[in-house]
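Novice: Can you read through this structure? Questions will come right after.
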Amino acid sequence: MTGDVPVPGGRGLAVGTALRVLSAHWRTWLRVSVPLQLLTALVAGPVVGLLLAAALRAAGVPTLTEASLGQVLRHPAAVLLLTVLTVVATSAALLQHAAFVLFARGLTHGRVPRLPELARQGAAVLVRSAGPQLGLLALYLLVLAPLGGFAVGASFVRPLEVPAFIGGELRKTPLGTAAWLGAIALLGYTNLRLLLVPTFVLTAGLTPAGAYAASWRATRGRVTRLALVVAGLWLVAAVGLAALVTAAVAVTRLSDALWPAVSPVVAGAALVVAQVVLLGGGGLLAAFVALLLLGMVPGRPPAPAGPVRPGRARPHRALAAFALVVLATGTGVAGAASLRSPDPGQATLVIAHRGATYGAVENTLESLQAAARLGADVVELDVLQAADGGLVVVHDTNLRRVAGVNRDVADLTTEELTATTVRQAGHESTIPTFAAFAERAAELGVPLLVEIKEHGRERGDMVGDVVAVLEAHDLVGTSLVQAFDPAVVAEIESRFPHVTTGGVVAFSRGRLDPGAADFLTLEQSSYTPDLLRQAHTAGVQLFLWTVTEPRRMRAFVREGVDGVITPSPSVALEQRGAVAAETGVSDRLADLIRSLVS
């Protein structure tokens, strides 16, 4: 390999230099990055899954949720296994960073490091970081960087996301919107200032704590330039993804038109090619970032002017090619299976979250009526108990967000609550009683999904009162009742077996545990197709909340999810109709390729 370009160390963001080095050695980078991504995907991922399953078995719970977390953390063996899991995940993520950064450093010293050498150097870094400070690395590699979208090259780390419902709730008020934007800005700023943490740990011999401080100092005054570079990288990635999707879909659209019978095969082949391109492109992007960051570390000697000495990479090249073909083919086969036509007998319910809230205040008679006009299959609502035991339809236990008054629902009577004006997005209404809401739903012929919410000061028989209202308006046969508290779900199932009852789960890892429920309502970020299969095998339905993105709506409809809870029922109905009208596989292929990177 010839044509090495010197990279001056510690003198700023040498974007042009990093690009020249990358263009001179891109084949070498691919021979390293592809096997590395395959190794972490095929080894580290399953190991973490096994450790999680073992921790849950030790704690005696089938799945990790917000309800079972306390039980898991009280069991010493489970805590030990989760600690090992964190160490393994942190090590895998750091080793990926190590391979890219140390490989870049090797090139700047005029040689091509071999994979065993990179592995030894990465292991030495892990040994040096062992102990309590490993938690600082875990914080950056497993939380901060993925949450901020800065985990370039760490394919093992599943991108974290803030559940859509949190942002949606905050953005409903000006103050909440400001807090949401401020949190995003703070997260982005923190990631930019800590961008050099792994590089300092790997190349400067610093402890994780020292690397945090060094990165903060090294990025002082460079945040704006770093932000522009990051934005440029995201733009390049977005354009590349759009081009890839366009090319793959164009070929499949042609087969849809000329030879529909072979379109699934063509789409499967296109998916294989897309997976290969994404692996290679992701590796090159990570390599560019590694070169850029290495140039910001002070004190690194420049590369020699002479040529880079290549390593004997043929065995690694053959192994990488074989593993790449196996993984891509497996992905293509699995993807082709997912491209099958949806079963028209398994229509996904469109459930209006607190009614149709784009033209009315949530949880009001107007939002119920708007959802009915749109044709939503079900309307979801929240029921709280007033101070006098009456039932009202409102989500928050405090009225500050919807009414602008700092009063708790538990402190107000039914009469006071129903006289309260609620406002949202320029619309006004009043809080309805549950009886009035149910009566209007019965008149409109709209089934309800009633969520029993608790403020902790309930009196009397709230569960019985909810069921009584449904029975009084002949809604039991068509409506559903759900709750976060497993004890409430079990109580309804025990006392009122004729009521269709579900549990709400905000976070889930592990096997599905429906308990006594007839259905589960799962926050969409925890969803996997395997959980859907487990639910249907157990004979329970699976609903997802809060779904806002059209692409995800289409995917959930195609996969046979039983219901999507959305604040945009009109969009969901449109997407369900679009899926039902599909005659080829090109649209499904486009969504599937996009899902590989999101």
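The values are calculated or read from the model by the stated rules, or taken from the named source; none is laboratory data. Because the structure is predicted, anything quoted here is derived from the model rather than measured. No Cβ is skipped: glycine too gets one built from the backbone with ideal geometry, and neighbour counts run over all protein chains shown. Areas reflect the complete protein model, heavy atoms only, side chains present, ligands, DNA and RNA absent. Shrake-Rupley method; radii C 1.70, N 1.55, O 1.52, S 1.80 Å.
Novice: Out of region 501-513, which residues are in a strand (DSSP E or B) and open to solvent by 50 Å² or more (accessible area, probe 1.4 Å)?
Specialist: R509, the sole residue that qualifies.
Novice: Out of V557, V540, V561, V585, I need the residue that is touching a Ser or Thr at 6+ places or on another chain (Cβ under 6 Å), touching a residue at least 24 places away in the same chain (Cβ under 8 Å), buried (at least 18 other Cβ atoms within 10 Å of the Cβ) and closer than 30 Å to A55 by Cβ. Which one?
Specialist: That would be V561, the only listed residue that is touching a Ser or Thr at 6+ places or on another chain (Cβ under 6 Å), touching a residue at least 24 places away in the same chain (Cβ under 8 Å), buried (at least 18 other Cβ atoms within 10 Å of the Cβ) and closer than 30 Å to A55 by Cβ.
Novice: Go through region 5-24 and give me each residue that's of a type in the set (D, E, K, R) and either within 22 Å of P116 (Cβ to Cβ) or at pLDDT 50 or above (or both).
Specialist: The answer is R20, and nothing else.
Here's the yes/no breakdown for (1) buried (at least 19 other Cβ atoms within 10 Å of the Cβ); (2) not hydroxyl-bearing (S, T, Y):
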| site | (1), (2) |
| --- | --- |
| Y189 | no, no |
| W216 | no, yes |
| V236 | no, yes |
| A270 | yes, yes |
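Novice: Are any residues in region 238-268 farther than 30 Å from Q96 by Cα and open to solvent by less than 30 Å² (accessible area, probe 1.4 Å), and if so, which ones?
Specialist: V249, T252, S255, S263, A267 - these are the residues of region 238-268 that are farther than 30 Å from Q96 by Cα and open to solvent by less than 30 Å² (accessible area, probe 1.4 Å).
Novice: Quick one: is A376 open to solvent by 30 Å² or more (accessible area, probe 1.4 Å) and either modelled with pLDDT of 95 or more or hydroxyl-bearing (S, T, Y) (or both)?
Specialist: No, not satisfied.
Listed here are the residues, each with its yes/no results for (1) closer than 22 Å to L192 by Cβ; (2) under 30 Å from the mean Cα position of the chain (by Cα); (3) free of Cβ contacts under 8 Å to residues at least 60 places away in the same chain.
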| residue | (1), (2), (3) |
| --- | --- |
| V88 | no, yes, yes |
| Q96 | yes, yes, no |
| A99 | no, yes, no |
| R111 | no, no, no |
| P116 | no, no, yes |
| A138 | yes, yes, yes |
| L142 | yes, yes, yes |
| A145 | yes, yes, yes |
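Novice: Here is a follow-up. Could you say which residue among H25, H97 is of a type outside the set (A, V, I, L, M) and over 19 Å from A138 (Cβ atoms)?
Specialist: Exactly one residue qualifies, and that residue is H25.
Novice: Looking at region 485-522 only, could you name the residues that are within 24 Å of P46 (Cα to Cα) and of a type in the set (D, E, K, R)?
Specialist: R509, R511, D513
Novice: Can we say T548 is modelled with pLDDT under 95, touching a helix residue (DSSP H, G or I) at 6+ places or on another chain (Cβ under 8 Å) and on the phi < 0 side of the Ramachandran plot?
Specialist: Yes: the conditions hold for T548.
Novice: Here's a follow-up. Can you list residue pairs whose Cβ atoms sit under 7 Å apart, with the first residue in region 13-25 being within 11 Å of L107 (Cα to Cα) and the second being open to solvent by 20 Å² or more (accessible area, probe 1.4 Å)? Count only pairs 6 or more apart in sequence or on different chains.
Specialist: Sorted first by the residue in region 13-25, then by its partner, the pairs are V21/V5; L22/L284; A24/G3; A24/V5; H25/M1.
Novice: Spot the failing condition for L448; the list is (1) of a type outside the set (G, A, S); (2) open to solvent by less than 20 Å² (accessible area, probe 1.4 Å); (3) over 20 Å from T546 (Cα atoms), and only one is missed.
Specialist: Condition not satisfied by L448: (3).
Novice: May I pose another question? How many of the residues making up region 544-554 are in contact with a strand residue (DSSP E or B) (Cβ under 6 Å, 6 or more places away or on another chain) and either open to solvent by 30 Å² or more (accessible area, probe 1.4 Å) or touching a residue at least 24 places away in the same chain (Cβ under 8 Å) (or both)?
Specialist: Total satisfying the criteria: 3.
Novice: Next question, about the same structure. Report whether or not R27 is closer than 30 Å to T528 by Cβ, modelled with pLDDT of 80 or more, basic (K, R) and out of contact with any Phe, Trp or Tyr (no Cβ under 8 Å at 6 or more places or on another chain).
Specialist: No.
Novice: Which fully enclosed strands (runs of 3 or more DSSP E) of region 390-453 have 2 or more residues being closer than 22 Å to D465 by Cβ?
Specialist: Passing ranges, in order: 391-393, 448-452.
Novice: Considering A274, A287, which residue is modelled with pLDDT under 90, open to solvent by less than 10 Å² (accessible area, probe 1.4 Å) and more than 17 Å from L22 (Cβ to Cβ)?
Specialist: On inspection, the qualifying residue turns out to be A274.
Novice: Also, quick follow-up: With the condition being among the acidic types (D, E), touching a Ser or Thr at 6+ places or on another chain (Cβ under 8 Å) and surrounded by 19 or more Cβ atoms within 10 Å (Cβ to Cβ), I'd like the helices (runs of 4 or more DSSP H) fully within region 26-78 carrying at least 2 qualifying residues.
Specialist: none
Novice: Considering G404, G426, which residue is free of Cβ contacts under 8 Å to residues at least 60 places away in the same chain, of a type in the set (G, A, S), touching a strand residue (DSSP E or B) at 6+ places or on another chain (Cβ under 8 Å) and open to solvent by 40 Å² or more (accessible area, probe 1.4 Å)?
Specialist: Answer to the selection: G404.
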